[in-house]
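Encoded as structure tokens, the structure appears first; notes follow it.
What follows draws every value from the coordinates through simple rules; no lab data is involved. Keep in mind that this is a model prediction, so the values were computed, not measured. Glycine gets a Cβ as well: all are built from the backbone with ideal geometry, and neighbour counts include every protein chain shown.
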């Protein structure tokens, strides 16, 4: 998450961007290293499988590379990059070719499975229960309308502040909060009676 990386971001990003704009191409490589896990994670949550997430993340970084000369610094670099990644994912999901491919991929290869981070202190039954809850949550998030899913992933999964979500999506704060409230209510309803 962007807020979690107190040592990174902000000033380091600014220096790397300045170095890149001055002709040091390897400065962009460092930006990629600093953000690749977060951007991949975001793309994975949207795209639902590793291959599509890899492609979307790579495209987001390529777009950022080409557009970095136009970056004005009005938002944090990480927030700007999140917005690019969200737009890439939205565009890919909207394409007919992706929808057809996604339906075919999900039939037999299990690519939609969730990566779990399991606390080793749990018993096998609690580990299994947590895994089932996480899978239920993933299904509930994936069932949301696209505009609500974007907000839940950015705010609740990735932990962006409301201001960063507003910047990343272009929505106004009131719209973000109301859509998030509706999305959370749908998720709670999905969990009701299943836990």
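When the chain is fully extended, how far beyond the present Cα-Cα distance does residue 65 get from residue 136, taking 0.36 nm per residue of separation? It would help to have the intermediate numbers written out before the result.
Numbers: separation 71, 0.36 × 71 = 25.56 nm, distance 3.66 nm.
Contour length minus the Cα-Cα distance gives 21.9 nm.
Quick check on packing: order 42-49, 181-188 by the mean number of other C-beta atoms within 10 Å, highest mean leading. Mind dumping the intermediate values first?
Numbers: 42-49: 21.9, 181-188: 15.4.
Descending mean neighbour count gives 42-49, 181-188.
Compare the peptides 137-145, 160-168, 18-26 by average per-residue count of other Cβ atoms within 10 angstrom and give them in order, highest first.
Details: 137-145: 15.3, 160-168: 20.1, 18-26: 11.8.
The packing order, highest mean first, is 160-168, 137-145, 18-26.
Once every Cα of the range 122-195 carries one equal point scatterer and solvent is ignored, give the base-10 log of I(q)/I(0) from the Debye formula at q = 0.13, 0.25 Å⁻¹, two decimals.
Evaluating at q = 0.13, 0.25 Å⁻¹ gives log10 I(q)/I(0) of -0.43, -1.08.
In what sequence do 77, 71 fall when counting other Cβ within 10 Å, fewest first?
Numbers: 77 22, 71 16.
Ordered by Cβ neighbours within 10 Å, fewest first: 71, 77.
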